[in-house]
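The values are calculated or read from the model by the stated rules, or taken from the named source; none is laboratory data. Bear in mind the structure is a predicted one, so any value in this text is a computation, not a measurement. No Cβ is skipped: glycine too gets one built from the backbone with ideal geometry, and neighbour counts run over all protein chains shown.
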Protein chains: 2
Amino acid sequence: MNKNINIAIVGLGQIGNFLLNELNKKKKDIEIKTGKKITIVAVSAKNKNKKRKFKINKKIFFKNPLQIIKEKKVDILFEIIGASDGMSKKIVEASLKNKIHVITPNKALIAKHGDYLSKLAEKNKVNLEFEASVGGGIPILRTLKDGLATNKFNKVVGILNGTCNYILSEMESTNDTFSNVLKKAQNLGYAEMSNPKLDLNGFDALSKVRILSSLAFNKKISRNSCLMEGIENIETKDIEIVKQLNLKIKLLGITEIINNNLFERVHPCLVGTDTYLGNINGVMNAVILNSEPVGETVLQGEGAGPGPTSSALLSDLLSILRGNIKYPFGISEKKKEQN
Amino acid sequence: MNKNINIAIVGLGQIGNFLLNELNKKKKDIEIKTGKKITIVAVSAKNKNKKRKFKINKKIFFKNPLQIIKEKKVDILFEIIGASDGMSKKIVEASLKNKIHVITPNKALIAKHGDYLSKLAEKNKVNLEFEASVGGGIPILRTLKDGLATNKFNKVVGILNGTCNYILSEMESTNDTFSNVLKKAQNLGYAEMSNPKLDLNGFDALSKVRILSSLAFNKKISRNSCLMEGIENIETKDIEIVKQLNLKIKLLGITEIINNNLFERVHPCLVGTDTYLGNINGVMNAVILNSEPVGETVLQGEGAGPGPTSSALLSDLLSILRGNIKYPFGISEKKKEQN
């Protein structure tokens, strides 16, 4: 890798815009930590003149992200558009084919096309990194690929969707209805305004479970049908009844190996009020890893929002700049084919 | 780094012996994950014929670890003797000078000589890794150096000594005396038989605090005098009184920056029974990291014992084999000199 690294950011919504500001603020620190010199050479979004919290340099603005690759020399590209297909997929694909490292928080893209894109990255000898796709700012993927990498994983259980956990916690503490609390979550920016469905029906958590399974058990991303149930049908009276039993309702994502078979699921679970998961409230995420010989490891942190997401995106950047990551999924493709 | 890597293990107590077995068991997996071929070329301990849980290969046994360096070509050495000086320091020093990477769980050594040894490692372009020195199997040092590396840390608080936490939890649940519970801890292998003092008086936790400070705040290991109080004077009646107030006594290690000054301390603290730290019982360790912009991150896991320690030691091995680690303390010495 050269000493001078050119960076592009595609997608300047709340996250992309925050990341841009963080990168500018932390440029020197990152350069000291990695020995590289970084320059942001391109940014892209639908609307050049939209009002944003942090200013963008309009001289390096591109309306069409694919144009960046044609016109600029880019080493590392952040894809922060979202969605599993469309321009997200196109720009990631084009980047990898052009030997550009890609960093993304896009769990839908990775859960759907992760195997294909990882192969593409490996073929072109660049990295595809997605720490921010699961658990927000919690370094959970790193922990699987690196910190606990020599352990044998048995089970991973987590509160993986901050929106659902906020709604359930809030229904519990206020006795308010699902639809009222959802509105409140939307006003606070914890739930999407236009289409909160993918959070509420468990799909978002399931994408994260698929990614966790792949890394914990060294497997391709599974396409198996599995139980996926969200929180849309939970009513105030459900919460009231379980409270009397000293229980809480939590939306859990679970993946485990039972009799050599992968068993993934996302659904509301009853947990004791005095258990660890019973005490994870609001938008927090928590993951419990069960592996040998290390035993039980717990990681907890803020699951979403610009701060945590940007922290995870920059940790990927640091690893790439340090030349730390060899395989997109932490294992060689050869090994994965066998699974 | 060559494809063929020679490994030595110095110290074959409970941990070293378990590690040896794990390495043999996981050789293939580690080779697939790193693309290297590993061979254990030397082991060393005081007593060649001591009964051990897992068999050792007596053909590669050395009574004097320094002899290994003279007679064998070693790439990576595990120092698992313990203690801040004596043979531990000698073998680590000699290894680094001979361009041998060193991996150690020895917090006393690192807290006392970490800066000097890190410089020695950097000068000789090898790694000195000590993930296992803090938090047992919890990948806490990695999280500071890597997963959350671009965040600005404000404060780190933790239950860092499993022995003390076990004793306090047990006194609380059984109402038994300190000395009885200590005996129980010793019989269970949670406290040292001959000299449990360094755990009980807070020294072990303080060593860990010093290491955490250095990594969280990019500083040299501090030598500042600070408050260090252990749990030796806690009586059954203390526990009883705080219980009535819905509180628990926990030995906490704390490090934070206040008005640009580093403030480190270890002492028993009162925490609420319904708080996160109030619910960490037995030999568990937990660390709460407060940093920006990621917010609060919590890591929890088993703090000691052969399984967790060996997991951390092998994660260091993996990182070295992957060529992932450039600076012993995660930053260049140049930067650290300024602090």
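Some notes on this structure:
- Within segment B:136-152, considering residues that are touching a Pro at 6+ places or on another chain (Cβ under 6 Å) and assigned to a loop (DSSP other than H, G, I, E, B), the one nearest to the other protein chains (Cβ to nearest Cβ): B:137
- Leading residue by the ranking (farthest from residue A:249 (Cα to Cα)) among those in segment A:288-303 that are in contact with a helix residue (DSSP H, G or I) (Cβ under 8 Å, 6 or more places away or on another chain) and buried (at least 24 other Cβ atoms within 10 Å of the Cβ): A:294
- Unique match (being away from chain A (no Cβ under 14 Å), touching a residue at least 40 places away in the same chain (Cβ under 8 Å) and assigned to a helix (DSSP H, G or I)) among B:69, B:91, B:81: B:91
- From B:281, B:285, B:290, B:218, residue being within 12 Å of chain A (Cβ to nearest Cβ), of a type outside the set (Lys, Arg) and in contact with a Ser or Thr (Cβ under 7 Å, 6 or more places away or on another chain): B:281
- Filter result (touching a residue at least 60 places away in the same chain (Cβ under 8 Å) and in a loop (DSSP other than H, G, I, E, B)) within segment B:111-135: B:127, B:130, B:134, B:135
- Residue that is farthest from residue A:150 (Cα to Cα), among those in segment B:125-153 that are out of contact with any Lys or Arg (no Cβ under 8 Å at 6 or more places or on another chain) and of a type in the set (D, E, K, R): B:152
- Any chance residue A:132 is within 14 Å of chain B (Cβ to nearest Cβ) and touching a strand residue (DSSP E or B) at 6+ places or on another chain (Cβ under 9 Å): yes
- Some residue of segment A:14-35 being outside any helix (DSSP H, G or I) and crowded, with 18+ Cβ neighbours inside 10 Å: no
- Qualifying residue in segment B:107-120 (condition: touching a helix residue (DSSP H, G or I) at 6+ places or on another chain (Cβ under 6 Å) and under 15 Å from residue B:9 (Cβ atoms)): no
- Selection from segment A:270-285 of residues that are in contact (Cβ under 8 Å) with a residue 24 or more places away in the chain, surrounded by fewer than 24 Cβ atoms within 10 Å (Cβ to Cβ) and closer than 22 Å to residue A:154 by Cα: A:270, A:271, A:277, A:278
- Condition check for residue B:38 on (1) in contact with a Lys or Arg (Cβ under 8 Å, 6 or more places away or on another chain); (2) of a type in the set (A, V, I, L, M, F, W, C); (3) without any contact (Cβ under 8 Å) to a residue 60 or more places away in the chain; (4) part of a strand (DSSP E or B): one failure, at (3).
- Count of residues meeting criterion [more than 7 Å from chain A (Cβ to nearest Cβ) and either more than 14 Å from the chain's Cα centre (by Cα) or not hydrophobic (A, V, I, L, M, F, W, C) (or both)] in segment B:293-305: 2
- Residue that is nearest to the chain's Cα centre (by Cα) [pool: residues in segment A:55-86 that are hydrophobic (A, V, I, L, M, F, W, C) and at pLDDT below 95]: A:83
- Among the numbered conditions (1) over 30 Å from residue B:34 (Cβ atoms); (2) surrounded by 23 or more Cβ atoms within 10 Å (Cβ to Cβ), the only one that residue A:183 does not meet is (2).
- Among the residues here, residue B:96 does not qualify as more than 18 Å from residue B:206 (Cα to Cα), over 16 Å from the mean Cα position of the chain (by Cα) and surrounded by fewer than 24 Cβ atoms within 10 Å (Cβ to Cβ).
- One residue stands out in segment B:192-242 among those that are buried (at least 20 other Cβ atoms within 10 Å of the Cβ) and acidic (Asp, Glu): the one that is nearest to residue B:288 (Cα to Cα), namely B:204.
- Count of segment B:167-176 residues, restricted to those that are in a helix (DSSP H, G or I) and crowded, with 16+ Cβ neighbours inside 10 Å, is 6.
- Taking the criterion of being surrounded by fewer than 14 Cβ atoms within 10 Å (Cβ to Cβ) and under 15 Å from residue B:7 (Cα atoms), the residues of segment B:38-64 that qualify are B:39, B:57, B:59.
- Cβ pairs under 6 Å, 6+ apart, first in segment A:159-174 and touching a residue at least 12 places away in the same chain (Cβ under 8 Å), second in a helix (DSSP H, G or I) and of a type outside the set (A, V, I, L, M): A:159/A:165; A:160/A:208; A:161/A:199; A:161/A:204; A:163/A:199
- For segment B:177-209, the set of residues classified as hydroxyl-bearing (Ser, Thr, Tyr), in a helix (DSSP H, G or I) and free of Cβ contacts under 8 Å to residues at least 60 places away in the same chain consists of B:179 only.
- Checking residue A:9 against (1) modelled with pLDDT of 95 or more; (2) within 14 Å of chain B (Cβ to nearest Cβ), the condition it does not meet: (2)
- Test: residue in segment A:321-333 that is out of contact with any Gly (no Cβ under 7 Å at 6 or more places or on another chain) and part of a strand (DSSP E or B): no
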